[in-house]
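Q: First, the structure itself, so that you have it in front of you.
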Amino acid sequence: MKKITATLLALLMIACLGTAAAADSGDAEMVTVLADVPDGWENPCVWAWADDGTNAFAAWPGEAMEPLGDSGWYYIYVPAFVQNVIISANEASVQTAGDTVEAGREVWISVADDLTTTVSYDAQADVEIPEYVETFAVHAYVPLEWESVSVSADGAEKQMTGGEDGWFTASLPVTASSIVLSGNGGEASTEAISIDPQEVWVTVYNDLTYEVSYEDPDAPDAEPITVYAQVPADWAGPCCWAWSAPDGTNAFSAWPGEAMAEGDDGWYSIEVPGWINSIIINANEGSVQTTDISVEVGQDVWITVADAENAAVSYEQPAGDAAEATPEPEASEAPAETAGDSGGSSAVVWIVVIVVIVAVIAVAVVVSKKKKK
């Protein structure tokens, strides 16, 4: 009986750990967006986002699509959370109005000359789609006379997009260890530039010398600030989402932002870039949130959240005890178990951890008793 118990507990441990691993791997899932565009649409790009506003890419018009062999279709991989897609081309001078798509599914979008689109989840071409390869962004600031810019890596050349703000951008596979930047169809080009496989900014001068940086040279120069927040008692695990309006530069890569740390005084806090001017405090894994809160640039801020629609902002810590400063939330008519459900995956993780610990102890006891006999 003890052997059976130990075996069952061990299997339970493996199943729990396997479930947790599967959940983690799902966070990084990527799906394919494919597009068939009208004649004259050069270097099509995809801009994609989720319904909650989380963008797949850092800046408009998104990232360039790759030709899918000789099929006439282009493809790109996007995060599985994507629910909205815009196809653009010719340096974003032409674009679709945007299509709503099912998250987590491969989607084929055909663009007509009049910019209407047809969305399908069935393959529209008998061609193999290359496997997903992790990429990183390369940004290039080049001489003004370079009317077109391309980047070469691992023997392949890729057209760079953008340039409105002076920076051209392309995505390269993480296998790339050096690049060559070229302009005007190869009339001018740099020597091979050694880089690390992470987001990089390269400034090219008229004499073809260059500078490499792994921090955005145009990022606002501001000291970090601290955001403090008090939230209702039923707001679990509060997070901060922050950005700069109206340009839309986000402080964090994905919703719901980053978790805030709880202090001994009852205030939650987090350090954010000093250039942000807009904040959302959210909790329960992003299922509850404040409205957009405008704040002054470069100042620490205290935000007292009464409920999703009401929050008070101060640039000095409010007087009085933290618990007293937070208004009591209105009574909810929802069943008592609703608040527990909002914990979602966090509660599941703790249950898994507890089960594993109990299982380990039980196995150890069984083995110990067996040795004594």
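Q: Out of A140, A125, which single residue is over 20 Å from T32 (Cβ atoms) and either of a type in the set (S, T, Y) or touching a residue at least 40 places away in the same chain (Cβ under 8 Å) (or both)? So that I can check it myself, show each step before the final result.
A: Values: A125 fails: over 20 Å from T32 (Cβ atoms).
After ruling out the rest, the residue left standing is A140.
Q: Exactly one condition in (1) modelled with pLDDT under 90; (2) under 25 Å from N84 (Cα atoms) is false for V111; which is it?
A: The failed condition is (1).
Q: Does E258 satisfy the criteria of being in contact (Cβ under 8 Å) with a residue 60 or more places away in the chain and surrounded by 15 or more Cβ atoms within 10 Å (Cβ to Cβ)? Can you show your working first?
A: Details: in contact (Cβ under 8 Å) with a residue 60 or more places away in the chain: no; surrounded by 15 or more Cβ atoms within 10 Å (Cβ to Cβ): yes.
Judged against the criteria, E258 is not a match.
Q: Does A251 satisfy the condition of being within 25 Å of F57 (Cβ to Cβ) and not acidic (D, E)?
A: When the stated conditions are applied, A251 passes them.
Q: Here is a follow-up. What pairs come up if the first residue lies in the range 96-118 and is without any contact (Cβ under 8 Å) to a residue 60 or more places away in the chain, the second is of a type in the set (G, A, S) and open to solvent by less than 90 Å² (accessible area, probe 1.4 Å), and their beta carbons are under 6 Å apart, counting only those six or more places apart or on different chains?
A: T118/S110
Let's see how each residue does on (1) in contact with a strand residue (DSSP E or B) (Cβ under 6 Å, 6 or more places away or on another chain); (2) surrounded by fewer than 17 Cβ atoms within 10 Å (Cβ to Cβ):
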site: I86; (1), (2): yes, no
site: A89; (1), (2): no, no
site: D99; (1), (2): yes, no
site: A140; (1), (2): yes, no
site: D154; (1), (2): no, yes
site: G162; (1), (2): yes, no
site: P173; (1), (2): yes, yes
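Q: All but one of (1) open to solvent by 40 Å² or more (accessible area, probe 1.4 Å); (2) assigned to a loop (DSSP other than H, G, I, E, B); (3) within 22 Å of I87 (Cα to Cα) hold for A125; state the number of the condition that does not hold.
A: Here A125 clears every test but (1).
Q: Next question, about the same structure. Just the residues that are within 27 Å of D126 (Cα to Cα) and open to solvent by 60 Å² or more (accessible area, probe 1.4 Å), please, taken from the range 38-65.
A: D39, E42, N43
Q: Going by what's in this entry, would V200 be described as open to solvent by less than 20 Å² (accessible area, probe 1.4 Å) and out of contact with any helix residue (DSSP H, G or I) (no Cβ under 6 Å at 6 or more places or on another chain)?
A: On the way: open to solvent by less than 20 Å² (accessible area, probe 1.4 Å): yes; out of contact with any helix residue (DSSP H, G or I) (no Cβ under 6 Å at 6 or more places or on another chain): yes.
Considered against the rule, which asks whether it is open to solvent by less than 20 Å² (accessible area, probe 1.4 Å) and out of contact with any helix residue (DSSP H, G or I) (no Cβ under 6 Å at 6 or more places or on another chain), V200 comes out as yes.
Q: Also, I was wondering about something else. Could you grab the pairs with beta carbons closer than 6 Å, sequence gap of 6+ or different chains, first residue in the range 176-205 and within 22 Å of D218 (Cα to Cα) and at pLDDT below 90, second one open to solvent by less than 70 Å² (accessible area, probe 1.4 Å) and among the small types (G, A, S)?
A: none
Q: Is at least one residue of the range 110-117 open to solvent by 20 Å² or more (accessible area, probe 1.4 Å) and part of a strand (DSSP E or B)?
A: Looking through the range 110-117, at least one residue is open to solvent by 20 Å² or more (accessible area, probe 1.4 Å) and part of a strand (DSSP E or B).
Q: Let me ask you something else. So which residues in the range 219-240 are loosely packed, with under 12 Cβ neighbours inside 10 Å and within 22 Å of P273 (Cβ to Cβ)?
A: Taking the range 219-240 as the starting set, the residues that turn out to be loosely packed, with under 12 Cβ neighbours inside 10 Å are 219, 221, 223, 233.
Passing the criteria: A219, D221, E223.
Q: For a quick check of your reading of the model, give me the residue pairs whose first member lies in the range 55-84 and is farther than 22 Å from W241 by Cα and at pLDDT 95 or above, whose second is among the small types (G, A, S) and in a loop (DSSP other than H, G, I, E, B), with beta-carbon atoms closer than 7 Å and at least 6 apart or on different chains.
A: Pairs found: W73/A125.
Q: Of all residues in the range 156-167, which are assigned to a strand (DSSP E or B), over 21 Å from the mean Cα position of the chain (by Cα) and within 20 Å of P67 (Cα to Cα)?
A: Applying the first criterion (assigned to a strand (DSSP E or B)) to the range 156-167 yields 156-159, 161-162, 167.
With over 21 Å from the mean Cα position of the chain (by Cα) added as a condition, the list becomes 156-159, 167.
Those that are assigned to a strand (DSSP E or B), over 21 Å from the mean Cα position of the chain (by Cα) and within 20 Å of P67 (Cα to Cα): A156, E157, K158, Q159.
Q: Within the range 206-218, track down each residue that is farther than 22 Å from A176 by Cβ and either surrounded by 12 or more Cβ atoms within 10 Å (Cβ to Cβ) or modelled with pLDDT under 90 (or both). Walk me through how you get there before you give the answer.
A: Step one: of the range 206-218, the residues farther than 22 Å from A176 by Cβ are 206-207, 218.
The answer is D218, and nothing else.
Q: Check the range 267-280 and report whether any residue there is within 22 Å of the chain's Cα centre (by Cα), open to solvent by 30 Å² or more (accessible area, probe 1.4 Å) and under 23 Å from H139 (Cα atoms). Step through it out loud before you land on a result.
A: Going residue by residue through the range 267-280, those that are within 22 Å of the chain's Cα centre (by Cα) are 269-280.
Add one more test, that the residue is open to solvent by 30 Å² or more (accessible area, probe 1.4 Å), and what stays is 269, 271, 273, 275, 277.
Now drop any that are not under 23 Å from H139 (Cα atoms), which leaves 273, 275.
For the range 267-280, residues within 22 Å of the chain's Cα centre (by Cα), open to solvent by 30 Å² or more (accessible area, probe 1.4 Å) and under 23 Å from H139 (Cα atoms): present.
Q: Going through the range 296-325 one residue at a time, which ones are of a type in the set (V, I, T), modelled with pLDDT under 95 and open to solvent by less than 70 Å² (accessible area, probe 1.4 Å)? Spell out the reasoning first.
A: As a first pass, look at the range 296-325 and keep what is of a type in the set (V, I, T): 297, 301, 303-305, 313.
Now narrow it down to the ones that are modelled with pLDDT under 95: 297.
Passing the criteria: none in range.
The values are calculated or read from the model by the stated rules, or taken from the named source; none is laboratory data. Only a predicted model underlies this, so the values are computations on that prediction, with no experimental measurement involved. Every residue, glycine as well, gets a Cβ built from its backbone with ideal geometry; the counts of neighbours run over all protein chains shown. The accessibility values were calculated without ligands, DNA or RNA, using every heavy atom of the protein model including side chains. Shrake-Rupley method; radii C 1.70, N 1.55, O 1.52, S 1.80 Å.
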